[in-house]
Amino acid sequence: MTVSLDELNALPAKDAAELFRSCCGASAWVSAMVARRPYKSEQDLLDAADNAWSSATRNDWREAFEHHPRIGENQSTIQQTARARDWAEGEQSRARLASSSVHDQMSLVNRAYETKFGYIYVVFATGKTARELLDMARQRIKNDPETEIRVAAEEQRKITQLRLKKLIGTEPA
């Protein structure tokens, strides 16, 4: 289900927050997006999202990461909205087509990544195969912690932008 910008702008704050939380799980980001309404256009919404994300702290980033399932899995560590769960499933759909060997390797890399960085591997998975996601994870695990959290935050930003477009119906869900 999508909502128009007019509908999004008119929703009670609690309902708008729930929709925004489906796009990004960082509480501070959600609050900022609710407070910045009304949005005049899709670009206004996307710009506001980027602006709010650029003000986010590392703790905000980590909170957002917790709302994603690991690549190749269905459940996040924090309960997601049904909408976010459905979107994550669609975003990772190509990864689910992988062989059991690739799934096993992804599971191992996911765990190694979490051990090294303290949060899940966050990647803009839309359109990528499991092998591509595995190769990307193997490259990113070589990053130092400062570099990697910034890379992960940028991946989250891209996911959020896509989900906002899905929310308002300018991108297929």
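Take the residues in the range 135-150 that are free of Cβ contacts under 8 Å to residues at least 40 places away in the same chain and surrounded by 15 or more Cβ atoms within 10 Å (Cβ to Cβ); name whichever of them is nearest to Asp60 (Cα to Cα).
Glu148
Conditions (1) of a type in the set (A, V, I, L, M); (2) touching a helix residue (DSSP H, G or I) at 6+ places or on another chain (Cβ under 8 Å), marked per residue:
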site: Ala17; (1), (2): yes, yes
site: Ala35; (1), (2): yes, no
site: Asp47; (1), (2): no, no
site: Thr57; (1), (2): no, yes
site: Ala64; (1), (2): yes, yes
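Look at Glu154 and say whether it is acidic (Asp, Glu), surrounded by fewer than 18 Cβ atoms within 10 Å (Cβ to Cβ) and over 14 Å from the mean Cα position of the chain (by Cα).
Taking the combined requirement at face value, the residue does not satisfy it.
Restricting attention to the range 12-35, and to residues there that are surrounded by fewer than 21 Cβ atoms within 10 Å (Cβ to Cβ) and in contact with an Asp or Glu (Cβ under 9 Å, 6 or more places away or on another chain), which single residue is farthest from Asp50 (Cα to Cα)?
That would be Ser27.
Inside the range 120-130, can you point out the residues that are surrounded by fewer than 19 Cβ atoms within 10 Å (Cβ to Cβ) and either without any contact (Cβ under 8 Å) to a residue 24 or more places away in the chain or in contact with a helix residue (DSSP H, G or I) (Cβ under 6 Å, 6 or more places away or on another chain) (or both)?
Phe124, Thr126
Considering each residue of the range 140-173, count those that are acidic (Asp, Glu) and under 22 Å from Asp47 (Cβ atoms), and give that number.
Matching residues across the range 140-173 total 3.
Restrict the check to the range 159-172 and report whether at least one residue is in contact with a Lys or Arg (Cβ under 7 Å, 6 or more places away or on another chain), more than 17 Å from Ile71 (Cβ to Cβ) and surrounded by 16 or more Cβ atoms within 10 Å (Cβ to Cβ).
So far as the range 159-172 goes, no, none of its residues is in contact with a Lys or Arg (Cβ under 7 Å, 6 or more places away or on another chain), more than 17 Å from Ile71 (Cβ to Cβ) and surrounded by 16 or more Cβ atoms within 10 Å (Cβ to Cβ).
Taking the range 36-73 on its own, how many of its residues are out of contact with any Leu (no Cβ under 7 Å at 6 or more places or on another chain), within 23 Å of Leu11 (Cβ to Cβ) and among the hydrophobic types (A, V, I, L, M, F, W, C)?
5
Looking at this structure, is Ala137 closer than 23 Å to Ala52 by Cβ and in contact with a Phe, Trp or Tyr (Cβ under 9 Å, 6 or more places away or on another chain)?
no
Looking only at the range 4-23, decide whether some residue is over 15 Å from Thr160 (Cα atoms), in contact with a Gly (Cβ under 9 Å, 6 or more places away or on another chain), at pLDDT 95 or above and part of a loop (DSSP other than H, G, I, E, B).
There is at least one residue in the range 4-23 that is over 15 Å from Thr160 (Cα atoms), in contact with a Gly (Cβ under 9 Å, 6 or more places away or on another chain), at pLDDT 95 or above and part of a loop (DSSP other than H, G, I, E, B).
Could you tell me which residue of the range 92-134 is modelled with the lowest pLDDT, considering only residues that are outside any loop (DSSP other than H, G, I, E, B) and β-branched (Val, Ile, Thr)?
Checking each candidate, the answer is Val102.
The values are calculated or read from the model by the stated rules, or taken from the named source; none is laboratory data. Keep in mind that this is a model prediction, so the values were computed, not measured. Don't worry about glycine lacking a Cβ; one is built from the backbone with ideal geometry, like all the others, and counts go over all protein chains shown.
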